[in-house]
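The values are calculated or read from the model by the stated rules, or taken from the named source; none is laboratory data. As the structure is a prediction and not an experimental result, all values here were calculated from the model. Cβ placement follows ideal geometry from the backbone for every residue including glycine, while neighbour counts extend to all protein chains displayed.
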Amino acid sequence: MFESIDAVQQALYQQRYICDRALATVVFLATKLGKPLFLEGEAGVGKTEVAKVLAAVLDTRLIRLQCYEGLDVHNAVYEWAYARQILHLRILEASHASREQLEHDLYSPEFLLARPLLQAIQHNGHQAPVLLIDEIDRADEEFESFLLELLSDFQITIPEIGTLRAARPPLVVITSNRTREVHDALKRRCLYHWIDYPSFDTEYQIVRLKVPEAADRLARQVTAVAQALRQADLYKPPGIAETLDWASALVAMGRTELDEAALNDTLGVLLKYQEDVQRIQGAMARELARQAHAR
Amino acid sequence: MPAEHVAPRAGSGQEDHLLANLLHFARLLRGVGFQVSVSQLSDLAEALTLVDIAQRADFYYTTRAFLVHNPDERETFDRAFDLFWRGLLEHSRLQLGRRALHATSLKPAQPPLSRQPPLIAGTYQADEPPLGVPETQPDIEVPPTYSPWEILRHKDFAAFTDEELALAGQVIEDITWRVSQRRTRRQIRVAKRTSRLHLPDTVRRSLRLQGEIVDLAYTRPKAKPRPLVVICDISGSMERYSRVLLRLMHALQHTGQPVEAFVFGTRLTRITPALRHKDVDTAVREVAEAVLDWSGGTRIGESLKTFNYRWGRRVLRRGALALIISDGWDRGDLALLKQEIARLRRSVQRLLWLNPLLGTPDYQPLAQGMQTVLPYVDDFLPARDLASLGRLASRLASL
């Protein structure tokens, strides 16, 4: 685990993740206090990445639960392998086993399919795993209440088997794009952190670090345009993920510098709504390219 | 923040000092609308032993991670933090400080959305009516039907006296407001035969018959009411109607279904938190305080744009219905209006527009704003008397 907040920052940097002091502080506290981390922010600011990088830094397994509407216990926690159970039944039929025997055989761990949350509880590596609960805002409210229970004692009860308790409680990272408000009770149990868009300098460093093939000048220009677009009146401003995709795209096109034509051609990498593309194309693009050129 | 205020030195006396300060700080935060629990504070106190609190930034980030749960709260928190930990406040002068805090026009933090009561209340439980078709036709008739009511039913809201208004408010509350349902991906178990087997139960039941699969269990998708977003015009030309329409929004809010409410004149204001008061008069008073542009001009386009950009992706989830109430008299930019109504139309399941003028015998939707939006509107309905609200209720339930 980490010795200090500085150590967090350095360790994440070595995994090519640049984080500010605020994020480093909450990560440090989460590992020290064993509290879940609740990361909220616009799409593409690197929320999910935090969990991935943490797993790499701590040299442990990343267990990921992608949330979606209708996510239920069968997909999040465990499920019985019904098809195999039925096959097994057919085999046992010949043996005229008693009902108790059948039940005992069918509901044994052999037929249990562990989904991410159960996997996190059962994990028996040398290090606690990192459990990423991604985009919780997509799941139903019912799932939040379930999660609340799980996060308080890290144990799961399976009626046919008994209660399973985590040997090492996982380091939990919950992310939300805030498409809806997640219930306060859940956030209160966590260390809450809102990830903002980065400053020019930070984003430039990120581009240099993540797309090292990009020429220094191109990296500066790309960052400048992304930063400017976030100030423009857009339905969906680009995230860091888009900036990086864009830098890679321009590198793939053999660009070492940005000009208006290249900007117009590749706007679709940065902007994901037709209205936004239309707004920027033309005069705005020319102005952006001109400003970027000055960088 | 002078270090001596918080940095504990060797003795425990300093730590007590820190704890006392934290308690005062928590009280200050509660005063401006934060919910701070004792357990949060004790967790925070524990966390503060892990960081070097002589470092202002570390102290600040740690405190923030425990006490702020919403980006909207951050600004208020920062100001409170600055005021308090800079030592402007001795605890003996807390009261004074709180006043100073208000004097710097520090608005109470908006109660975060998440503090809402659960969005789905008891209306639809396990045994709900089948999808789309309510089991019993919703009771949409305005209850009493003898003659004074009959007159009131068809009387234009604009001509209501205060007394009639109170009566109308009651009638609106009594209408059964139900929003149509949509199929969710969540499966629930049912007794009836459906197209989808519930395997866990089927296997379990088979055990009773020594593994013979005879008794099949079924599921079907659970249905939930669609989220409803109401955006109501409160500009000058709508003035005579807005007092009734606010009551309508209040009634919708209290049906236990997910409803978000906004009003606009020249700017958009979210009034969902205000409408949450059970008592309608308190709620209306709160709305009046929250809204800065009563009975002024109208900029529908601008307001819809604010809605689309700031709220759209958050409140228009999962097959939402949008209900706009306006007469369409727009003094703003029509091109913008067209663009934003089109975007809104693409983000919702269905777009309804209520116009109080519609239904007056000689009304034609000639206002330019109305002309602009009509192509994007799915249902164009009147909202000028109680009878028309009854029709709205049945429309909402049947979509």
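Yes/no per residue for (1) touching a residue at least 24 places away in the same chain (Cβ under 8 Å); (2) more than 22 Å from A:GLY70 (Cβ to Cβ):
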position: A:ARG138; (1), (2): yes, no
position: A:GLU144; (1), (2): yes, no
position: A:LEU151; (1), (2): yes, no
position: A:GLN155; (1), (2): yes, yes
position: A:GLY162; (1), (2): no, yes
position: A:ASP184; (1), (2): no, yes
position: A:TYR192; (1), (2): yes, yes
position: A:ILE195; (1), (2): yes, yes
### Query
With respect to B:HIS102, is the statement that it is modelled with pLDDT of 50 or more and more than 13 Å from chain A (Cβ to nearest Cβ) true?
no
### Summary
Taking region B:374-392 and keeping residues in contact with a Ser or Thr (Cβ under 9 Å, 6 or more places away or on another chain) and not in a loop (DSSP other than H, G, I, E, B) leaves B:LEU381, B:PRO382
### Pairs with Cβ under 6 Å, 6+ apart, first in region B:174-201 and more than 14 Å from chain A (Cβ to nearest Cβ), second β-branched (Val, Ile, Thr) and surrounded by 15 or more Cβ atoms within 10 Å (Cβ to Cβ)
B:TRP177/B:THR255
### Task
Please list, ordered by first then second residue, the pairs with beta carbon atoms under 8 Å, 6 or more apart or interchain, first in region B:354-382 and touching a residue at least 12 places away in the same chain (Cβ under 8 Å), second assigned to a loop (DSSP other than H, G, I, E, B) and among the basic types (Lys, Arg).
B:PRO356/B:ARG384; B:LEU357/B:ARG384; B:LEU358/B:ARG384; B:GLY359/B:ARG384; B:THR360/B:ARG384
### Query
Out of the residues in region B:42-58 that are touching an Asp or Glu at 6+ places or on another chain (Cβ under 8 Å) and not aliphatic (A, V, I, L, M), which is farthest from the other protein chains (Cβ to nearest Cβ)?
B:ASP52
### Task
Select from region B:322-351 the residues that are touching a helix residue (DSSP H, G or I) at 6+ places or on another chain (Cβ under 7 Å), of a type in the set (A, V, I, L, M) and within 24 Å of B:SER242 (Cβ to Cβ) and list them in ascending order.
B:ALA322, B:ILE325, B:LEU334, B:LEU336, B:LEU337, B:ILE341, B:LEU344, B:LEU351
#### Entry: Complete set of residues in region A:150-194 that are surrounded by fewer than 21 Cβ atoms within 10 Å (Cβ to Cβ), in a strand (DSSP E or B) and of a type in the set (A, V, I, L, M)
A:ILE158, A:LEU164
### Message
A:LEU62 - would you say it is at the interface with chain B (Cβ under 10 Å from one of its Cβ atoms) and not acidic (Asp, Glu)?
### Response
no
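Yes or no, residue by residue, for (1) closer than 27 Å to A:PRO237 by Cβ; (2) surrounded by fewer than 18 Cβ atoms within 10 Å (Cβ to Cβ):
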| residue | (1), (2) |
| --- | --- |
| B:VAL259 | no, no |
| B:ARG270 | yes, no |
| B:ASP279 | no, yes |
| B:GLU302 | yes, no |
| B:LYS305 | yes, no |
| B:ASP327 | no, no |
| B:ASP330 | no, no |
### Task
Could you grab me the full set of residues in region B:337-366 that are touching a strand residue (DSSP E or B) at 6+ places or on another chain (Cβ under 9 Å) and either hydrophobic (A, V, I, L, M, F, W, C) or assigned to a strand (DSSP E or B) (or both)?
B:ILE341, B:LEU344, B:VAL348, B:ARG350, B:LEU351, B:LEU352, B:TRP353, B:LEU354, B:ASN355, B:LEU357, B:LEU358, B:THR360
### Summary
All conditions in (1) closer than 21 Å to B:ALA393 by Cβ; (2) in contact with a strand residue (DSSP E or B) (Cβ under 8 Å, 6 or more places away or on another chain) are true of B:ILE300 except (1)
### Task
Answer yes or no as to whether B:ALA251 is assigned to a helix (DSSP H, G or I) and free of Cβ contacts under 8 Å to residues at least 24 places away in the same chain.
no
## Note on the structure
For region A:195-222 the number of residues that are within 14 Å of chain B (Cβ to nearest Cβ) and assigned to a loop (DSSP other than H, G, I, E, B) is 2
### Odd one out for A:GLY41 among (1) more than 10 Å from every other protein chain (Cβ to nearest Cβ); (2) within 14 Å of the chain's Cα centre (by Cα)
(1)
### Message
Step by step: first the residues of region A:158-189, then only those that are closer than 18 Å to A:GLU49 by Cβ and facing chain B (nearest Cβ under 10 Å), then the one that is modelled with the lowest pLDDT. Which residue is that?
### Response
A:ARG178
### Task
Given the conditions (1) at positive phi; (2) at the interface with chain B (Cβ under 10 Å from one of its Cβ atoms), report the number of the one that A:PHE28 does not fulfil.
(1)
### Task
Could you check how many residues of region B:175-232 are farther than 24 Å from A:GLU103 by Cα, in contact with a Phe, Trp or Tyr (Cβ under 6 Å, 6 or more places away or on another chain) and buried (at least 18 other Cβ atoms within 10 Å of the Cβ)?
1
### Query
For B:SER39, which of the numbered conditions (1) within 8 Å of chain A (Cβ to nearest Cβ); (2) within 21 Å of B:HIS17 (Cα to Cα); (3) assigned to a helix (DSSP H, G or I) fails to hold?
(1)
### Of residues in region A:96-121 being assigned to a helix (DSSP H, G or I) and more than 12 Å from chain B (Cβ to nearest Cβ), the one surrounded by the most Cβ atoms within 10 Å (Cβ to Cβ)
A:ALA120
### Message
Just the residues that are surrounded by fewer than 22 Cβ atoms within 10 Å (Cβ to Cβ) and part of a helix (DSSP H, G or I), please, taken from region A:230-243.
### Response
A:ARG230, A:GLN231, A:ALA241, A:GLU242
### Message
Checking B:ILE213 against (1) more than 8 Å from chain A (Cβ to nearest Cβ); (2) among the aliphatic types (A, V, I, L, M); (3) more than 20 Å from B:VAL179 (Cβ to Cβ), only one condition comes out false. Which one?
### Response
(1)
### Query
Of all residues in region B:255-277, how many are under 16 Å from the mean Cα position of the chain (by Cα) and modelled with pLDDT of 85 or more?
16
### Task
Kindly indicate the residue of region B:48-57 that is surrounded by fewer than 22 Cβ atoms within 10 Å (Cβ to Cβ) and assigned to a helix (DSSP H, G or I) and also modelled with the lowest pLDDT among those meeting that condition.
B:ARG56
### Message
So, B:THR202, is that one within 30 Å of A:HIS104 (Cα to Cα), β-branched (Val, Ile, Thr) and outside the structural domain of B:TRP311 (by TED's automatic domain parsing) or not?
### Response
yes
### Message
Considering only region B:321-334, I want to know if a residue exists there that is touching a residue at least 12 places away in the same chain (Cβ under 8 Å), among the basic types (Lys, Arg) and at negative phi.
### Response
yes
